[in-house]
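Reviewing the structure listed below.
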Amino acid sequence: MTRYVIGPDVAIRLAHDQAVIRGGHQVLAPALLRSQVLSLLYQAVRRGEMTRKDAERQLEYVRGLRIRLLGDRVLQNVAWKAAVLLGWPDTFDAEYVALTQLHADALITLDRHLADAVKDLVTIAPIEALYGPKPSLRGALPRELLIWR
């Protein structure tokens, strides 16, 4: 089983794409993920980038993901050290790095700056590593609409 840490950017992208997570993967995140996702969706609605209904739909998707949320003292201590090492002004991103170091095989982020900053500390994986097979259209379309070759 491959264990991936995801951030709020990835959680929202998965929700937007209504992605199916490939079997055999475990998804982890710091407990702060829930609040960050809520805040990012709220901000997107405030900026007029999506409707409240769309934001609520994405939030429900994220709530339905099987994500193991962690936030114990050890994680916080490692996050503190990572933030100091990287010279960051806070520990938010450092919690994702710490969780990856402690419990996961790789970190998935869409943030290129974050990926570049932590590439020597953790393995970075593409979001596509999570995606399961796309549903077949063969079963979804009436037989007369399928093109047989």
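Rule-based calculations on the coordinates, nothing more; no lab input. Please read all numbers here as calculations on a predicted model, not as lab measurements. Note that each Cβ is placed from the backbone with ideal geometry, even for glycine, and that neighbours are counted across all protein chains shown.
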Fewest-first ordering of T109, T123 by Cβ atoms within 10 Å yields T123, T109
Computed, not fitted: 222 nm per-residue ellipticity of the chain from DSSP H runs ≥ 4 (each -39500 (n - 2.57)), nearest 500, equal to -14500 deg cm²/dmol
Computed over the chain: longest principal axis from alpha-carbon atoms vs helix 8-17 long axis, angle to nearest 10 degrees, is 0 degrees
With a Förster distance of 22 angstrom and the Cβ-Cβ distance between H25 and W88, calculated FRET efficiency to the nearest 0.05 equals 0.20
From fewest to most C-beta neighbours within 10 Å, the residues V45, V10, V20 line up as V20, V45, V10
Given (i) 16.7; (ii) 16.1; (iii) 20.4 as possible values of Kirkwood radius over Cα pairs in Å, the one from the coordinates is (i)
Relative to the chain, whose Cα atoms define the longest principal axis, helix 73-86 and its Cα axis are tilted in degrees, nearest 10, by 80 degrees
Relative to the chain, whose Cα atoms define the longest principal axis, helix 33-46 and its Cα axis are tilted in degrees, nearest 10, by 60 degrees
With Cα springs under 10 Å, the Gaussian network model of the chain assigns the largest mean-square fluctuation among A129, A79, A15 to A129
Scoring only Lys, Arg, Asp and Glu (+1, +1, -1, -1) among other residues with Cβ under 15 Å from the Cβ of R52 yields 0
Most fluctuating of A82, A106, A44 in the GNM of the chain (C-alpha, under 10 Å) is A44
Given backbone amide H placed at 1.01 Å from N, residues whose amide H is under 5 Å from that of L28, ignoring those fewer than 5 places away on the same chain, are Y4, V5, I6, R68
